[in-house]
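Asks: Quick one: the structure is below, questions incoming.
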Amino acid sequence: MLMDKEKSIVAVIDVQARLLGGVHEADKLVNNCSWLVRLAKLMDVPVVGSEQYPDGLGPTEEGLRELVGPANIYGKAHFSCIDDPGFENAFQTHDRKQVVLCGMESQACVMQSAIRLLEKGLEVFVVADAISARNPYDTEVALRRMEQAGARIVTKEMVGFEWIRRSDAAQFKTFSKEFLR
């Protein structure tokens, strides 16, 4: 099954500035999450974000926070974003059945979110080049576990090409010039 922009929502999980210092390839993570959010905006796909215990761990990385929009980011105590009422309510208002996940940490909040979303009957697509953890091995094992649970493992470019579908689509020229260079 392909991702469909009319059915998709992007969830940006816990890319908090204070935690990035210990995360493997943190700059790449932030850049790839930002790329995905900009793509979602181009394609009119809704984006919601989460922050794990923001009072103690601080906000989402500043540039990514601005892209997502502070009003679209929800604090949480649960590791799974969908288990916190604020995030779940915002998520449900969009009535989307395909969830495109990015963020951190792979073995905790991303994986638990993916599994809980699958348990709720949603189609989950984990963007492998837009997730990370402190230890790269945790990401490798988390990807395997999420795939075994039924999540589809994709790359950011797969998301773009599947949402656009055709080279004569209105957004393809922008996608080609601004996202594929």
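Asks: Would you be able to tell me the number of residues in the stretch 25-34 that are touching a residue at least 40 places away in the same chain (Cβ under 8 Å) and either under 15 Å from Gln171 (Cα atoms) or acidic (Asp, Glu) (or both)?
Replies: Summing the residues that are touching a residue at least 40 places away in the same chain (Cβ under 8 Å) and either under 15 Å from Gln171 (Cα atoms) or acidic (Asp, Glu) (or both) in the stretch 25-34 gives 1.
Asks: A further question follows. Quick one: in the stretch 155-171, of everything that is within 23 Å of Leu20 (Cβ to Cβ) and not basic (Lys, Arg), which residue is surrounded by the fewest Cβ atoms within 10 Å (Cβ to Cβ)?
Replies: Here the residue is Thr155.
Asks: Quick one: which residue in Gly56, Gly22, Gly49 is among the small types (Gly, Ala, Ser) and in contact with a strand residue (DSSP E or B) (Cβ under 9 Å, 6 or more places away or on another chain)?
Replies: Going through Gly56, Gly22, Gly49 in turn, the sole match is Gly49.
Asks: Mind checking which residues of the stretch 78-98 are free of Cβ contacts under 8 Å to residues at least 40 places away in the same chain, out of contact with any helix residue (DSSP H, G or I) (no Cβ under 7 Å at 6 or more places or on another chain) and buried (at least 17 other Cβ atoms within 10 Å of the Cβ)?
Replies: Answer for the stretch 78-98, where residues must be free of Cβ contacts under 8 Å to residues at least 40 places away in the same chain, out of contact with any helix residue (DSSP H, G or I) (no Cβ under 7 Å at 6 or more places or on another chain) and buried (at least 17 other Cβ atoms within 10 Å of the Cβ): His78, Asp84.
Asks: Among Ala11, Ala40, which is modelled with pLDDT of 95 or more, of a type in the set (A, V, I, L, M, F, W, C), out of contact with any Gly (no Cβ under 8 Å at 6 or more places or on another chain) and outside any loop (DSSP other than H, G, I, E, B)?
Replies: After ruling out the rest, the residue left standing is Ala40.
Asks: Going by what's in this entry, would Gly22 be described as surrounded by 15 or more Cβ atoms within 10 Å (Cβ to Cβ) and either acidic (Asp, Glu) or not in a helix (DSSP H, G or I) (or both)?
Replies: The answer is no for Gly22.
Asks: Continuing with this model, one more query. Just one of (1) touching a helix residue (DSSP H, G or I) at 6+ places or on another chain (Cβ under 7 Å); (2) in a helix (DSSP H, G or I) trips up Gly56, so point out which.
Replies: Result: Gly56 passes all but (1).
Asks: May I ask you to list the residues in the stretch 130-146 that are surrounded by fewer than 19 Cβ atoms within 10 Å (Cβ to Cβ) and in contact (Cβ under 8 Å) with a residue 12 or more places away in the chain?
Replies: If the condition is that a residue be surrounded by fewer than 19 Cβ atoms within 10 Å (Cβ to Cβ) and in contact (Cβ under 8 Å) with a residue 12 or more places away in the chain, then Arg134, Asn135, Pro136, Asp138, Val141, Arg145 are the ones that fit.
The values are calculated or read from the model by the stated rules, or taken from the named source; none is laboratory data. Because the structure is predicted, anything quoted here is derived from the model rather than measured. Every residue, glycine as well, gets a Cβ built from its backbone with ideal geometry; the counts of neighbours run over all protein chains shown.
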